[in-house]
Amino acid sequence: MKKTLLLLVAIISLASCEFKKGNSLEKKETKSDIEISSKIPEITEQTNEEKERKFILEIYSQFKEEFSKCDQNIVAASDFNGKKEFWRICESKKGKKIIIINSQEDSLLFEEIYFEKNGELIYALESSMYMPINHFATSPWVCEFYFRGGKLLYYESLGHGKTETDEWEPESIFEMFKNRLAELKNISKEID
């Protein structure tokens, strides 16, 4: 925003100087004009940022829409990570899938949500909440991730959690998802 404002001030100043010189607004290309025109892509970058915001809102809207009609056609339980985890999987006929995993360890309640479109991860949510027995939940932490083309586009974290540690890497969500897909394949569909 500051760069755009400075660019506009520079253009106005340049126009004012040209007017004073020749008392005319006739366009004369100078070295300053060339320098200013080379800065115009900064405005384009801002519109790219706006496009990314629009894309992120679109992903979130798709997720909310799919989540609202989630019929949870697969429900499972696992203990792959040393604790009981409860899985809900919703698949649509349009190539969209939501995987929701809940678990509790001591007084912490965890949730992971993954949203795929045509086999590609486009949204994820990871959260934890301190929830001791006979108490309401407190100290929530939530981190939402948005992806495009197999890359992390944007993430947002709220509350106190692992995003505050120096060791945390946002891209670790890819490894978590990969592990969850492997675990999902190991959940038996039939009782032996």
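Tabulated data for the structure shown
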item: Failed criterion for TRP168 (all others in (1) at pLDDT below 90; (2) part of a strand (DSSP E or B); (3) closer than 27 Å to GLU52 by Cα hold); result: (2)
item: Residue list for the stretch 121-142, restricted to those being within 17 Å of LYS64 (Cα to Cα), among the aliphatic types (A, V, I, L, M) and crowded, with 19+ Cβ neighbours inside 10 Å; result: LEU121, ILE122, ALA124
item: Qualifying position, being over 22 Å from PHE55 (Cα atoms), at pLDDT below 90 and in the same structural domain as ALA76 (by TED's automatic domain parsing), among PHE110, PHE136; result: PHE136
item: All positions within the stretch 75-98 that are charged (D, E, K, R), over 22 Å from the mean Cα position of the chain (by Cα) and modelled with pLDDT of 90 or more; result: LYS84, GLU85
item: Residues of the stretch 34-67 satisfying the condition of being of a type outside the set (A, V, I, L, M, F, W, C) and modelled with pLDDT of 85 or more; result: GLU50, LYS51, GLU52, ARG53, LYS54, GLU58, TYR60, SER61, GLN62, LYS64, GLU65, GLU66
item: Test: residue in the stretch 88-107 that is surrounded by 11 or more Cβ atoms within 10 Å (Cβ to Cβ), in contact with a Ser or Thr (Cβ under 7 Å, 6 or more places away or on another chain) and either touching a residue at least 12 places away in the same chain (Cβ under 8 Å) or charged (D, E, K, R) (or both); result: no
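The values are calculated or read from the model by the stated rules, or taken from the named source; none is laboratory data. Nothing here was measured: the structure is a model prediction, and the numbers come from that model. Counting neighbours? That spans all protein chains shown, and the Cβs are built from the backbone with ideal geometry, glycine included.
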